[in-house]
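What follows is one structure encoded as structure tokens, with my remarks underneath.
Bear in mind that the values in this text are calculations on the coordinates, not laboratory data. Quantities reported herein were computed from a predicted structural model and do not represent experimental measurements. Please note: Cβ atoms are built from the backbone with ideal geometry, for glycine as well, and neighbour counts cover all protein chains shown.
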Amino acid sequence: MKITTKTEASNIVETSYLASLSSLLWVALYYLPIGGALLRLILPLPIILLHLRRGTKTALEGLLVKFLLLFIIMGPVRGTLFLFPYGILAFWLGWCWFRKKSWKVSLPIGVLIGTLGFFLRVIALSTLVGDNLWVLITRASYGLIEKLIGLFNLPFSTSILSIQIGAILLIIFQEIVYVLTVHILAYSLFPRFKLNIPDPPRLFNSLVDLNY
């Protein structure tokens, strides 16, 4: 491919750099025993940044480059897992902010993507390790429900249905916190790169403060 303009060269360089950075973050998240929470937060940011700087077509190319890198480095299963939900979520948030969509659009659908991605990851990892990982999640839900019942002396007994519902609610709550934190982090950091995302709803104004 012949490069004829400075813009084309910049697109190639930024796509390669940010896709490689995002891939490195995923490898670190998967193999390093520490720093997982921080890595999860910054993992979507390179693809979002690429989307905001270079547009949807370049962001898709960056996602493809990242997929190919991880496919080669980590294999077909582990290399593909980044898509669920981090890769798809990063592309969605980048598209929303590139199109100036409000948080009322990007946040709820982002939570939905994260929740569905979590279940897909559980299925894939359960197949990979040969064990049902959903059992661990339901055990955590059971323990939390039992603690709440004991703490508030609730006249309530646990059942299989309540445990399953509790597990699903825990996952949704986790994704709400995660996606909202990514929104706040991007809103705080991206102006440093001369990029702006839509302002948050008034409900979240107290969580976002750029006057520092």
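Overall, the chain carries a charge dipole of about 620 debye about its Cα centre when +1 sits on the Cβ of Lys and Arg and -1 on the Cβ of Asp and Glu, all other atoms neutral.
Restricting attention to the chain, the count of lysine pairs at 8 or more positions apart or across chains with alpha carbons under 24 Å apart stands at 12. Distance from the C-alpha centroid of region 49-83 to that of region 131-160: 38 Å, rounded to the whole angstrom. Going from the residue with the fewest nearby Cβ atoms within 10 Å to the one with the most, ARG53, ARG40 rank ARG40, ARG53.
Stretching PHE156 away from SER20 to a fully extended chain increases their span by 43.8 nm, per 0.36 nm per residue minus the current alpha-carbon distance.
Note on LEU148 and PHE173: their simple-model spin labels are 0.6 nm apart, each label 7 Å out from Cα toward Cβ. Kirkwood's formula applied to the C-alpha pairs of the chain gives a hydrodynamic radius of 19.0 angstrom.
Phi-derived couplings, Karplus 6.51 cos²θ - 1.76 cosθ + 1.60 at θ = phi - 60°, listed residue by residue for region 69-82: 4, 5, 4, 6, 6, 10, x, x, 7, 5, x, 8, 4, 4 Hz, with x used for Gly and Pro.
Quick one: net charge of LEU125's neighbours, Cβ under 10 Å, K/R +1, D/E -1? Working shown, then result.
On the way: positive: ARG78, ARG121; negative: ASP131.
Result for the neighbourhood of LEU125: +1.
Secondary-structure-derived ellipticity at 222 nm for the chain, considering helices only, amounts to -25000 deg cm²/dmol, per-run term -39500 (n - 2.57) for DSSP H runs with n ≥ 4. Computed extension length for ARG139-LEU195: 15.8 nm, one decimal, from 0.36 nm per residue of separation with the Cα-Cα distance subtracted. For the residues PHE84, PHE152, PHE193, a GNM of the chain with alpha-carbon springs under 10 Å puts the largest fluctuation on PHE152. Between VAL182, VAL27, VAL135, the GNM of the chain built on Cα springs shorter than 10 angstrom shows VAL135 fluctuating the most. Summarising the label geometry, the points placed 7 Å from Cα in the beta-carbon direction at ALA28 and LYS101 lie 2.9 nm from one another.
Using Cβ counts within 10 Å as a stand-in for footprinting exposure, how do TYR187, TYR30 rank, fewest first?
Values: TYR187 20, TYR30 15.
Starting with the residue having the fewest Cβ neighbours, the order is TYR30, TYR187.
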